[in-house]
1. In degrees from 0 to 90, rounded to the nearest 10, what is the angle of the helix 55-68 Cα long axis to the longest principal axis of the chain?
2. Provide the gained length on full extension for the span S86 to R22, in nm with one decimal, where the gain is 0.36 nm per separating residue minus the Cα-Cα distance.
3. What does the helix-only formula give at 222 nm for the chain: each DSSP H stretch with n ≥ 4 adding -39500 (n - 2.57), the total divided by the residues, and the result rounded to the nearest 500 deg cm²/dmol?
4. How do I201, I170 line up, fewest other C-beta atoms within 10 Å first?
5. What FRET efficiency would be calculated for the residue pair K297, C132, taking the C-beta separation as r and a Förster radius of 41 Å, to the nearest 0.05?
6. 7 Å from Cα along Cα→Cβ at both H253 and N189: what's the point-to-point distance in nm?
7. Can you give the Rg and Dmax of the range 1-80 based on its C-alpha atoms, in angstrom?
8. Working from the alpha-carbon coordinates of the range 195-246, get Rg over Rh, Rh being the Kirkwood radius.
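Since every read-out is calculated from the coordinates, none of them should be taken as a lab result. As the structure is a computational prediction, the values presented were derived from the model and not from experiment. Every residue, glycine as well, gets a Cβ built from its backbone with ideal geometry; the counts of neighbours run over all protein chains shown.
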Amino acid sequence: MYDLIIIGGGPAGLAAAVYAARQKVNFCIISKDIGGQTKWSSDVENYLGFHLVSGEQLVEKFEEHIKDYKIDVKSEDVNEIKKKNSCFVVKCSKKEYETKTILIASGKKPRELNVPGEKEFRSKGVTYCATCDAPLFADKTVAVVGGGNAALDAALLLEKYAKKIYIITINDKMMGEKGLLDRVNKSKNIEVVAKTGTKAIKGKKFVEKIVVEASGKKKELAVDGVFIEIGSIPSVDFDKLTKKNKWNEIVIHSKDYISNQTSVKGIFAAGDVTDVPEKQIIVAAGEGVKAVLGVFKWLGKK
């Protein structure tokens, strides 16, 4: 019987884990993806203490920190959480674990386009992580599908490798931070294709074309890869217990001076998986700390 199980290994879960380790709480982290969405970031310029660091480098620092505390990390998928008397059962791909409290910090996962060819060519040219896969497309032509900061960030990262990048957006124009927009507009290798929808991805063994439509007319663009950057959705498939908002984010609130408590007493949540509007690495880390302090209060009351 654990005092606490943290589901998720991103900034929220890891920050919570450091505090739990220092308080000598009997706990573990369950995650197959240490670092979470932070690993997808190319350049991070607004994390306190680091003037400029890549997402991958920042995750390495996170890992060093949790190794110092010899934190128990179980590399498993969580399939379900269930109530059991006054405690909980966390059902995973390998085994089950019992715990007095749960902290859900599972973050988000990429939103899919749901067009023909997307699933067939996943890992064969279709990808959701420019930071992970950009080097594989050196001197290639690629398409980035999306209309916001994620698409801009992906295109600028790909510019270091690919010879040609199309950004395909259904919007009238690209939206995002001015600094990113200025860099994209100045690039000779990036072409924004606005007011255009993505209809299909084609190829034989690997991606060869993307089918787009503008003003009712379809055409094919020859590409070697498609980077899908249309946002993300909360990773809550395993959670049928807590209350969600219309975006399927876990609703958290402070009640009885206990921070980040969900609609189920004993279950807490933090980071991008929650209804906290600011989705930032540093915010997630702070929310993880708030949540685990709430856990300590809850355990103290019990």
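1. 20
2. Extending this stretch completely gives an extra 20.5 nm.
3. Mean residue ellipticity at 222 nm (helix-derived): -7000 deg cm²/dmol.
4. Ranked by crowding around the Cβ, least crowded first: I170, I201.
5. 0.60
6. Label at H253, label at N189, 5.0 nm between them.
7. That works out to 13.1, 42 Å for Rg and Dmax.
8. Radius of gyration over Kirkwood radius for the range 195-246 works out to 1.20.
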